[in-house]
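The values are calculated or read from the model by the stated rules, or taken from the named source; none is laboratory data. The shown structure was predicted, so the numbers you read here are calculated from the model rather than taken from an experiment. So basically every Cβ, Gly included, is an ideal-geometry build from the backbone, and we count neighbours across all protein chains shown. Only protein heavy atoms, including side chains, enter the accessible area calculation; ligands, DNA and RNA are left aside. Shrake-Rupley method; radii C 1.70, N 1.55, O 1.52, S 1.80 Å.
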Amino acid sequence: MITFALSKGRLANKIFQLLQNMNINVSDFKETSRKLIFISDDQKYRFFLAKPSDVPTYVDYGIADVGVVGKDTILTISEEKHNFSEVLDLSFGKCKMCVCGFHDAKNILNSGNIIRVATKYPNIAKKYFEKTNRNVEIIKLNGSVELGPLVGLSDVIVDIVESGKTLKENGLEILEEVDNISARLIINNASLKIKYQEINELINGFNQLLGDNDD
Ligand code: PRP
């Protein structure tokens, strides 16, 4: 059996749709269900729904062979060596990691002064501003990051922009683009060797579907 750790929510729903197109059906999965573990109808695959930031941990420890998780989560975890490999960009769950703020904050970004940055992604923000040679004070927030500039906690934020609705409704805008984000398939390194054939079939199946979508 191949075990998947899935980020619960939109990514999990999307992956179940893709699997259905590969004739892997999971009849007992319902979007509204609170159940955490599902088995495919053919009994060949097991799926569990985890908090996105925990998916790499399950795959790292080999509890799951395969993980589906956003690139933002992969970038967020520490740089220590991991027992998993990122094998495929699944091309869904697309969004951008951006520096955002009020229009005028552009001046602060280019002023040479220390920039106060609120973010859920301190590692990503730190690396980006180091790379672009700017001094920052990073303030870690856990959600509703857009509040940072609105209430004067920070000059800018580093956050995910998907539709742009949250920025727009709060009078903020994208000032700089940091990275493109999408869902990635990660595989435990030992599983890649031990279950080579089954996992290769899966990767080929996904590749085929992604190719079809490009047409
Ligand atoms: C994310 C992100 C932005 C928003 C972007 O937050 O941190 O706030 O979605 O989406 P949009 O461009 O489509 O508006 P999330 O909804 O995960 O909630 P959070 O702020 O509590 O982390």
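If you split all Cα-Cα distances of segment 95-179 into 5 Å bins from zero, what percentages do you get per bin, shortest first?
Taking every Cα pair in segment 95-179, the percentages come to 3, 17, 31, 30, 15, 4, 0.
Quick one, can you get me the convex hull of the C-alpha atoms of segment 1-116 expressed as volume per residue in Å³?
Numbers: hull volume 17.4 nm³, N = 116.
Convex hull volume per residue, Cα atoms: 150 Å³.
Tell me which lysines have Cα within less than 20 Å of K81's Cα, excluding those fewer than 8 residues away on the same chain?
Counting by Cα, and skipping residues close in sequence, K81 has these lysines nearby: K71, K126, K127, K193.
When N counts the residues of the chain, how does its alpha-carbon radius of gyration compare numerically with 2.2 N^0.38 Å, as a ratio?
Values: Rg = 19.4 Å, N = 215, 2.2 N^0.38 = 16.9 Å.
So the Cα radius of gyration is 1.14 times the expected 2.2 N^0.38 Å.
Please report, in whole Å³, the volume per residue of the convex hull around the C-alpha atoms of segment 60-134.
Working: hull volume 9.4 nm³, N = 75.
So the per-residue Cα hull volume is 125 Å³.
With all protein chains present, how much of the accessible area of the chain (probe radius 1.4 Å) comes from carbon and sulfur, to the nearest whole percent? Working shown, then result.
Values: 5540 of 11890 Å².
Here carbon and sulfur together make up 47 percent of the probe-accessible area.
Helix by helix through the chain, keep the DSSP H runs that span 20 Å or more along the axis on Cα and average at least -1.0 on Kyte-Doolittle, and give those back in order.
On the way: long enough: 196-214 (27 Å, -0.73).
Counting only whole DSSP H runs, the qualifying helices are 196-214.
In segment 171-185, which residues have a backbone nitrogen under 13 Å from the label point lying 7 Å from K94's Cα in the Cα-to-Cβ direction?
Counting only backbone N, you get 180-183.
Would you mind calculating the gained length between S111 and K35 on full extension (0.36 nm times residue separation, minus the Cα-Cα distance), in nm to one decimal? Write down the numbers at each step before the final one.
Working: separation 76, 0.36 × 76 = 27.36 nm, distance 5.11 nm.
Contour length minus Cα-Cα distance gives 22.3 nm.
Counting heavy atoms of the protein chains only and a 1.4 Å probe, report the per residue accessible area for the chain as a whole number of Å².
Working: 11890 Å² over 215 residues.
The answer is 55 Å² per residue.
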